[in-house]
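Following: one structure in structure tokens, then a few remarks.
The values are calculated or read from the model by the stated rules, or taken from the named source; none is laboratory data. All figures in this text were calculated on a predicted structure; none of them were measured in a lab. Glycine also receives a Cβ, built like all others from the backbone with ideal geometry; neighbour counts cover every protein chain displayed.
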Amino acid sequence: MAWIIPLKCTFANPTRKVYTRQMNRIYLDHASTTPASSAVIKAMRPLSAQFFGNPGSIHAEGVNASKTLKSARTSVARFFSCQTDEVVFTGSGTLANNLALFGVVEYLQKHGRNYSDMHIVTTGIEHSSVLEVFRELERLGVLVSYIPVRSNGLVDLERVLSVLNDKTVLVSVGYVNGEIGVIQPIGKITNIIRKYNSEIKIHIDASQAPEYLSLPVNTLGVDLCTIDGQKMYGPKGVGALFVKQGTKLNPISFGGGQEKGLYSGTEAIPLIVGLSVACTEVVKNRAKEYARMKELQDYTFKYIGEKLPKAVINGSIDRRIPNNINISLSGVDTEFLVIQLDQKGIACATKSACDADKVHSHVVHEIDPENIDRAKSTLRFTFGRSTRKRHIRRTVKEICLAL
């Protein structure tokens with residue numbers, strides 16, 4: 001996405017005038033976050049100043065806020081193809097994941113099941129908001145297993161059944177991987193799990209999916225599903241969790257009992273409305289934008305192959321969302337390269353922004369554990385609604401000059 005961002009140069013003498021120049025920025029990091037769309041901003045603006053009531057209040061302002069909340073919940077339920085009472089709003093995708101994972105285990109623990117008598121399953125390529133929860137639950141005594149992934153980043157379906165046992169209570173798999181963009185075969189995974197034990201709860205983190213994939217949660221066969229506003233041209237600070245009827249969760253916050261007692265705190269109506277508008281927008285634009293992105297992705301892979309022939313593609317090409325390009329440049333300090341590109345007006349990434357303190361991509365290391373250099377030399381481009389071929393050509397040109 002090309003943005004005009006003012007870059008200010010301030011001189012040492014504070015009495016002197018601050019001069020501003022403008023640079024055409026190319027933003028290729030939409031997996032980290034997206035700008036709020038104009039429709040989202042327009043819908044949110046009056047809700048912060050004019051229609052600011054608390055939906056828990058019984059006066060006119062509160063009733064109006066409650067109606068607005070109900071309408072937004074209906075829109076998000078339509079997005080999930082679920083019932084309105086199956087939608088729980090949270091403060092982010094991370095918090096939705098925490099509620100889903102801690103919620104299942106803590107509910108069972110509160111009702112008499114020991115941590116050591118519970119077994120939970122995920123993969124080694126999940127987002128940190130899933131992996132860190134699993135590590136914390138493991139510290140509490142819960143048994144943890146990781147489904148192996150193949151070299152293309154996809155779950156090894158033949159190994160899913162082998163990690164399940166009679167203590168398994170929860171499986172969590174990301175629908176789309178945020179680093180390498182691969183799309184997991186969720187339907188096949190859920191079928192394997194359901195045939196083994198229909199009582200196992202299944203959670204998917206679908207934060208990276210909405211722009212390009214539909215989320216009919218009942219068809220997918222999941223009990224819990226996370227989305228994040230900031231990943232789909234909605235506002236930051238809001239997420240939603242689909243919770244299938246009959247799925248029991250323990251709350252992770254306590255207070256006024258909002259969101260069916262699962263997520264206490266006054267509902268952030270402007271943010272929730274922004275999320276609901278984003279959900280409506282992505283459904284409306286999905287088919288057209290998928291086709292455009294797929295053409296752009298094919299062009300980019302071909303162009304990189306011509307200009308950077310030693311680049312290694314990370315993750316499956318066939319089962320991949322169309323806005324994701326992830327490569328490794330052996331022997332290149334790609335963290336420094338990202339800084340160089342930033343100075344040229346291009347924003348991209350090496351890995352998930354939530355793993356900024358890590359020295360390498362844990363995802364690429366998982367798919368190729370014998371080649372640490374590949375995991376240390378990753379470069380990720382994730383396109384957005386305004387990305388064009390000329391942005392790709394300029395970016396690749398700057399990479400070639402830097403190398």
With the first residue restricted to region 84-97 and required to be under 12 Å from residue 226 (Cα atoms), and the second required to be of a type in the set (Lys, Arg) and part of a helix (DSSP H, G or I), Cβ contacts under 8 Å at 6 or more apart or on different chains are 87/73; 88/260; 89/73; 93/231
Can you say whether residue 317 is closer than 19 Å to residue 398 by Cβ, touching a Phe, Trp or Tyr at 6+ places or on another chain (Cβ under 9 Å) and aliphatic (A, V, I, L, M), as far as the supplied structure shows? no
Regarding region 267-282, can at least one residue be identified that is polar (S, T, N, Q) and either within 14 Å of residue 96 (Cα to Cα) or modelled with pLDDT under 95 (or both)? no
Pick from region 293-316, criterion charged (D, E, K, R) and farther than 22 Å from residue 184 by Cα, ranking: surrounded by the fewest Cβ atoms within 10 Å (Cβ to Cβ): 306
Restricted to region 33-69, and to residues that are among the polar types (S, T, N, Q) and modelled with pLDDT of 95 or more, which residue is nearest to the chain's Cα centre (by Cα)? 33
Restricted to region 130-163 and to residues being more than 23 Å from the chain's Cα centre (by Cα) and of a type in the set (Asp, Glu), the residue surrounded by the most Cβ atoms within 10 Å (Cβ to Cβ) is 138
Among (1) out of contact with any His (no Cβ under 7 Å at 6 or more places or on another chain); (2) at pLDDT 95 or above, residue 257 falls short only on (2)
Condition first: among the charged types (D, E, K, R) and part of a helix (DSSP H, G or I). Now tell me which residues in region 256-280 satisfy that. 259, 260
Inspect all residues belonging to region 214-226 and state whether any of them is of a type in the set (Ser, Thr, Tyr) and surrounded by fewer than 22 Cβ atoms within 10 Å (Cβ to Cβ). yes
Please pick out the residue among 234, 265 that is over 29 Å from residue 189 (Cα atoms) and surrounded by 16 or more Cβ atoms within 10 Å (Cβ to Cβ). 234
Using beta carbons and a limit of 7 Å, which pairs, at least six apart or on different chains, have the first residue in region 188-213 and over 22 Å from residue 103 (Cα atoms) and of a type in the set (Phe, Trp, Tyr) and the second one modelled with pLDDT of 95 or more and surrounded by fewer than 17 Cβ atoms within 10 Å (Cβ to Cβ)? 212/286; 212/290
Any chance residue 271 is closer than 16 Å to residue 225 by Cβ, surrounded by 18 or more Cβ atoms within 10 Å (Cβ to Cβ) and among the aliphatic types (A, V, I, L, M): no
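Listed here are the residues, each with its yes/no results for (1) more than 23 Å from residue 82 (Cβ to Cβ); (2) among the β-branched types (Val, Ile, Thr).
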position	(1), (2)
156	yes, no
177	yes, no
180	yes, yes
184	no, no
203	no, no
216	no, no
239	no, no
May I ask you to list pairs of residues, at least six apart or on different chains, whose Cβ atoms are under 6 Å apart, with the first in region 110-138 being assigned by TED's automatic domain parsing to the domain that holds residue 155 and more than 18 Å from residue 252 (Cα to Cα) and the second being among the aromatic types (Phe, Trp, Tyr) and not in a helix (DSSP H, G or I)? 123/146; 124/146
Select, from 367, 372, the only residue that is assigned by TED's automatic domain parsing to the domain that holds residue 337, within 18 Å of residue 124 (Cβ to Cβ) and either without any contact (Cβ under 8 Å) to a residue 12 or more places away in the chain or surrounded by fewer than 17 Cβ atoms within 10 Å (Cβ to Cβ) (or both). 372
